[in-house]
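The structure appears below as structure tokens.
Just so it is clear, none of the values below were taken in a lab; they were calculated from the coordinates. In this text the structure is predicted, and so the values were computed from the model without any measurement. All Cβ positions, glycine included, derive from the backbone under ideal geometry; neighbour counts span all protein chains shown.
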Amino acid sequence: MKHIVFDLGQVLIEWSPEPAFAGHFDNAEAIRDWMARVDFDGWNRLQDGGRTMAEGLAAARAAHGEDAAPLESYTANFPLTIAAPVPGSWEIAESLKSAGHRLFAITNWSHDNWPAALTGYPRLQTLFEDIVVSGTEGLLKPEPGIYLTLIRRNGIAPDDCIFIDDSAANVEGARAVGMDAIRFTGSEALRMALKERGIG
């Protein structure tokens, strides 16, 4: 029986960083402009890769001065960024577990903000046998090491795994280490892709 390996953000949990900064700006356009100025995406990827929040804030202040100030509230406001589950995905995961599949997860998620995920979605701790968190491991998808960490830590074979992620690059990363992989575009499409593999 195949093991199913889920991504979390945008597959099970919707993530939108803008609400974390709403208190600092007048409107959504101003937030987006600021995020572009401080290269929020690049900054956040380094956080996901294992940099601490203290280190990240220091780097942002050095690069952007006072313009980096809204980042100081990011961890406190992080629950606002993950307020909603992705429709239909949890039901699929639950049904797979009930059918006897072993469930795992690999997520690009900062170590400092990971506790908010466990508080907001406590089922994560019982639904999955193991969750590999990039910020804890110091590894990022689509680097081979993060997939191999899951494989080695749990004594499973990559060709026994189906990996699900919304990122094309991460899907290719999983395939590169020998996993089957599905790019997530929505819960109904996922059901169909699993059904094509004889699952569900």
Exercise. Right, residue 183: more than 21 Å from residue 41 (Cβ to Cβ) and either exposed (fewer than 13 other Cβ atoms within 10 Å of the Cβ) or basic (Lys, Arg) (or both) or not?
Worked result: no
Seminar exercise, completed: Residue set 136, 107, 119; condition under 22 Å from residue 47 (Cα atoms) and loosely packed, with under 13 Cβ neighbours inside 10 Å; output residue 119
Seminar exercise, completed: The helices (runs of 4 or more DSSP H) lying entirely within the stretch 1-95 that contain at least 3 residues which are within 30 Å of residue 181 (Cβ to Cβ) are 40-48
Seminar exercise, completed: Here the qualifying pairs (Cβ atoms under 9 Å; residues six or more apart or on different chains; first in the stretch 171-197 and within 12 Å of residue 6 (Cα to Cα); second assigned to a loop (DSSP other than H, G, I, E, B) and polar (S, T, N, Q)) come out as 183/167; 184/10; 184/167
Exercise. Out of all the residues in the stretch 149-166, is one or more of a type outside the set (D, E, K, R), in contact with a Gly (Cβ under 9 Å, 6 or more places away or on another chain), surrounded by fewer than 19 Cβ atoms within 10 Å (Cβ to Cβ) and part of a loop (DSSP other than H, G, I, E, B)?
Worked result: yes
